[in-house]
Amino acid sequence: MVGSLRGECQVSSPASALPNSSSPLRIAALVKRFGQVAAVDGITLELRKGECLGLLGPNGAGKSTLIRSIVGRVIPDAGTISIFGAPADSMAARNTLGWIPQELALYPRLTCRENLQSFGRYHGMGGAALEQAVERCLGWATLTDRAGELVKNLSGGMKRRLNMAAGLIHQPKLVLMDEPTVGVDPQSRNNIFEMIEKLHAEGMSLIYTTHYMEEAERLCDRVAIVDHGKVIALGTNAELVQNAFGSRSQVLARFAGTDDRVAAWVKERGGHTVEGSAQFTIEHPTEIAGLLEASAKAGFELVDVSLRKPNLESVFLHLTGRELRD
């Protein structure tokens, strides 16, 4: 059983000078433009201590630009970022921060152990403390038996897990995870979820970006829905659904054929067509009968119908008029 990662992978640093009462992360009116495009357009957010806050949105929504602004890889045009009360570009703030980027940041010709040793030294670690941190981080990433393997020989999922361990070797107090499951198989994705859940259970403060609704639902205490560089909704899963739909439910209907007539009819009745299925929002289940009767009068052949409670993807579609993965 792996011990507490936060308790073992540690290094003395100026981070101790940061005020413990301050929020792990505060972002105020942040703006970043690339030419005429506002990749981040006035975002304001606050992360609570010990919270996993999800940034949920499609590719190109501005999530990665926001993360890169926090870690200093992108210089914002306006706004402020503070980490535990200190400016994000200060040494004290940097020493509390762990970043796990989308792109793998590993040395392919070094072993797993050598990679972790290298990243630990970058953070000023050494001696027995570094070796202990390396062992604990290998265990957390379930890579102890691969410690001597060259990174270039690892599977994609193993590289992802090592990438995460490298970002945590110095025991950060705040961790930014930018879509850490990109390109991994389902089993590796579940292993990564378990690693994150362990960190969360130990009280780590986390920012987690994703364009997968199921990841946000499983891992995050609150979710900020991001689209076109703006936070368009923020809250718990239940709060987001309640604010968007109240007590209403969704009807999913599939008709034979997917011609324009069906799509036009669905739109006229206030619904959306998603992956070939019509989605309607209703207040009472008895309204289903009216929908079915109207579709029959329009000459459409019903193949399947179901009733469900709205979810985060429903909220995104409701707010933007398009699917999360568009």
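The values are calculated or read from the model by the stated rules, or taken from the named source; none is laboratory data. Since we're looking at a predicted model, the values are computed, not measured. Cβ sites come from the backbone with ideal geometry, for glycine too, and all protein chains shown count toward neighbours.
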Review point. How many of the residues in segment 164-190 are polar (S, T, N, Q), assigned to a helix (DSSP H, G or I) and over 16 Å from the mean Cα position of the chain (by Cα)?
Key: 2
Review point. Are any residues in segment 242-251 under 13 Å from K309 (Cα atoms) and touching a Gly at 6+ places or on another chain (Cβ under 9 Å), and if so, which ones?
Key: Q242, V251
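Output yes when any residue across segment 145-152 is in a strand (DSSP E or B) and surrounded by 21 or more Cβ atoms within 10 Å (Cβ to Cβ), and no when none is. Write out each step before concluding.
Taking segment 145-152 first, the residues in a strand (DSSP E or B) are 150.
From what is left, the residues that are surrounded by 21 or more Cβ atoms within 10 Å (Cβ to Cβ) are none.
No, because not a single residue in segment 145-152 is in a strand (DSSP E or B) and surrounded by 21 or more Cβ atoms within 10 Å (Cβ to Cβ).
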Practice item. Considering each residue of segment 69-109, count those that are among the basic types (K, R) and either in contact with a helix residue (DSSP H, G or I) (Cβ under 8 Å, 6 or more places away or on another chain) or touching a residue at least 40 places away in the same chain (Cβ under 8 Å) (or both), and give that number. Key: 1
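Pick from I232, I207, I225, I169: which is under 27 Å from D145 (Cα atoms), β-branched (V, I, T) and touching a residue at least 24 places away in the same chain (Cβ under 8 Å)? If you could, list the steps in order and put the result at the bottom.
Details: I232 fails: under 27 Å from D145 (Cα atoms); I207 fails: under 27 Å from D145 (Cα atoms); I225 fails: under 27 Å from D145 (Cα atoms).
Answer to the check: I169.
Need at least 2 residues that are at pLDDT 95 or above and farther than 21 Å from G203 by Cα per element, so show me which helices (runs of 4 or more DSSP H) inside segment 4-114 make the cut, counting only ones lying wholly within it. Working first, answer last.
Numbers: elements: 5-8, 63-71, 91-94.
The qualifying helices (runs of 4 or more DSSP H) are 63-71.
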Practice item. Would you please list the contacts, defined by Cβ atoms under 6 Å and residues six or more apart or on different chains, that run from a residue in segment 110-125 that is buried (at least 18 other Cβ atoms within 10 Å of the Cβ) to a residue that is among the basic types (K, R)? Key: C112/R146
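In segment 264-286, what residues are surrounded by 15 or more Cβ atoms within 10 Å (Cβ to Cβ) and of a type outside the set (V, I, T)? Spell out the reasoning first.
Going through segment 264-286, the residues surrounded by 15 or more Cβ atoms within 10 Å (Cβ to Cβ) turn out to be 265-266, 271-274, 277-282.
Once the filter is applied, which keeps residues that are surrounded by 15 or more Cβ atoms within 10 Å (Cβ to Cβ) and of a type outside the set (V, I, T), segment 264-286 yields W265, G271, H272, S277, A278, Q279, F280.
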Exercise for review: From the list M177, M195, pick out the single residue that is within 21 Å of C112 (Cα to Cα) and modelled with pLDDT of 95 or more.
Suggested key: M177
Exercise for review: Taking the residues in segment 205-234 that are part of a loop (DSSP other than H, G, I, E, B) and in contact with a strand residue (DSSP E or B) (Cβ under 6 Å, 6 or more places away or on another chain) as candidates, determine which candidate is farthest from M158 (Cα to Cα).
Suggested key: G229
Check your understanding: Is it true that L219 is crowded, with 19+ Cβ neighbours inside 10 Å, in the same structural domain as T65 (by TED's automatic domain parsing) and touching a helix residue (DSSP H, G or I) at 6+ places or on another chain (Cβ under 8 Å)?
Key -> yes
Exercise for review: Only residues that are within 14 Å of Y208 (Cα to Cα) and either touching a helix residue (DSSP H, G or I) at 6+ places or on another chain (Cβ under 7 Å) or not assigned by TED's automatic domain parsing to the domain that holds A224 (or both): list them for segment 26-68, please.
Suggested key: C52, G54, L55, L56, G57
Review point. Given the conditions (1) within 25 Å of the chain's Cα centre (by Cα); (2) loosely packed, with under 15 Cβ neighbours inside 10 Å, which single one is not true for N95?
Key: (2)
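Residue under question is V226, and the condition is that it be modelled with pLDDT under 90, crowded, with 19+ Cβ neighbours inside 10 Å and in the same structural domain as L45 (by TED's automatic domain parsing); does it hold?
Working: modelled with pLDDT under 90: no; crowded, with 19+ Cβ neighbours inside 10 Å: yes; in the same structural domain as L45 (by TED's automatic domain parsing): yes.
So V226 does not fit the description; no.
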